[in-house]
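Notes to accompany the following structure.
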Protein chains: 2
Amino acid sequence: MKNLVSQCPIEEVMQVLSGRWPTLLIYYLKDGTKRFSDLRRDNPTISHKMLTFELRKLEDAGIVTRTEFEGYPLRVEYDLTPAGLRLVPLIDALGEWWEETGDSERVDAGALQTTSVE
Amino acid sequence: MKNLVSQCPIEEVMQVLSGRWPTLLIYYLKDGTKRFSDLRRDNPTISHKMLTFELRKLEDAGIVTRTEFEGYPLRVEYDLTPAGLRLVPLIDALGEWWEETGDSERVDAGALQTTSVE
DNA sequence: TCGTGGTTACAAAAAGGTGCGTAATTTACT
DNA sequence: AGTAAATTACGCACCTTTTTGTAACCACGA
């Protein structure tokens, strides 16, 4: 984690939430405690390296907690923090906005165009 | 723009909003019509390549409109669409969440730690 | 030997920066 | 008058940086 000190809070949140995984992981953790392997099953296309990396980022951001238990095989549990839980409805709202906005307002892949005033 | 067709709407919104610029550009466009050069002034560290690229993405997503005027020097204006305007409060909410959550709950740079149950 | 939750090194892919070219008109200089 | 330069919003090619994937290795115990 390098430079979280920027001007505006929006820039800072986006540094944490940007990318494919952060919001998805939060989404899966909504359902309660998950282990590393659970999250991999939930999302089979993430590599284990990415998963550890993203989980650390969320941990550092105060969104998830990581709890490591003694004994073998190793067991580690991930949960949303209270702050993480408060974040869930905001992410949901983005998803709803996207659905409401609908494909009709978006450009069909392949057929880009530009409004020209002549 | 490659593959916007995925399972979940959250994954799709994040494909558009991820990165440093999209939310910032939306933020600046909140204030009303902006030209290309205005946006570069608002945000001096973005390269022209990135700015055009990001603006196209937002246009394709139905968040901004691009209006090109005849005459020289060229003039192009960017505005938020109604959908873009509806998005603004959602982004604001993320920024507020970040501020409320506060640095105290986040890990100080350089001093990472892990909860260990022994 | 397998399963868990990692780490590390190396390789591939994606993102991003820099600089040049372009359009048609105005302004600036000689 | 004639030429040169600046202007705006890009596209394109080349190159560097960052991100992500792959594979191998570790610990330990059943």
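Some points to look at:
- Taking segment A:1-81 as the region of interest, the helices (runs of 4 or more DSSP H) fully inside it that hold 2 or more residues being under 30 Å from B:Val88 (Cα atoms) and within 15 Å of DNA strand C (Cβ to nearest atom) are A:9-17, A:21-29, A:48-60.
- Among the residues of this structure, B:Arg66 does not count as one that is open to solvent by 40 Å² or more (accessible area, probe 1.4 Å), modelled with pLDDT of 95 or more and in contact with a helix residue (DSSP H, G or I) (Cβ under 7 Å, 6 or more places away or on another chain).
- Tally, over segment A:77-87, of residues that are among the aliphatic types (A, V, I, L, M) and open to solvent by 40 Å² or more (accessible area, probe 1.4 Å): 1
Here's the yes/no breakdown for (1) out of contact with any Lys or Arg (no Cβ under 8 Å at 6 or more places or on another chain); (2) closer than 30 Å to A:Gly84 by Cα; (3) without any contact (Cβ under 8 Å) to a residue 60 or more places away in the chain:
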| position | (1), (2), (3) |
| --- | --- |
| B:Leu24 | yes, yes, yes |
| B:Lys34 | yes, no, yes |
| B:Thr52 | yes, no, yes |
| B:Lys57 | yes, yes, yes |
| B:Glu77 | no, no, yes |
| B:Gly84 | yes, yes, yes |
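- Only one of the numbered conditions (1) away from DNA strand C (no atom under 16 Å from the Cβ); (2) at pLDDT 95 or above is violated by B:Glu100, and that is (2).
- Checking segment B:69-85 against the condition returns a match, with at least one residue being farther than 27 Å from A:Thr23 by Cα and more than 11 Å from DNA strand D (Cβ to nearest atom).
- Being within 30 Å of B:Leu87 (Cβ to Cβ) and of a type in the set (Gly, Ala, Ser) holds for only one residue in A:Gly62, A:Gly71, and it is A:Gly62.
- For B:Leu74, the test of being more than 10 Å from every other protein chain (Cβ to nearest Cβ), at negative phi and exposed (fewer than 13 other Cβ atoms within 10 Å of the Cβ) is passed.
- With respect to (1) without any contact (Cβ under 8 Å) to a residue 24 or more places away in the chain; (2) in contact with a Gly (Cβ under 8 Å, 6 or more places away or on another chain), the lone exception for B:Pro73 is condition (2).
- Pairs, first more than 25 Å from B:Gly95 (Cα to Cα) in segment A:91-106, second surrounded by 13 or more Cβ atoms within 10 Å (Cβ to Cβ) and not polar (S, T, N, Q), C-beta under 6 Å, six or more apart: A:Glu105/B:Gly62; A:Glu105/B:Ala83; A:Arg106/B:Ala61; A:Arg106/B:Gly62
- Against the test of being facing chain A (nearest Cβ under 8 Å) and either of a type in the set (Gly, Ala, Ser) or more than 9 Å from DNA strand D (Cβ to nearest atom) (or both), the options B:Asp31, B:Asp60 yield a single qualifying residue, B:Asp60.
The values are calculated or read from the model by the stated rules, or taken from the named source; none is laboratory data. These numbers were taken from a predicted model, which means no experiment stands behind them. Ideal geometry is used to build each Cβ from the backbone, glycine not excepted, and the neighbour counts take in all protein chains shown. Ligands, DNA and RNA are stripped out before the accessible areas are found, and what is left, the full protein with its side chains, is counted by its heavy atoms. Shrake-Rupley method; radii C 1.70, N 1.55, O 1.52, S 1.80 Å.
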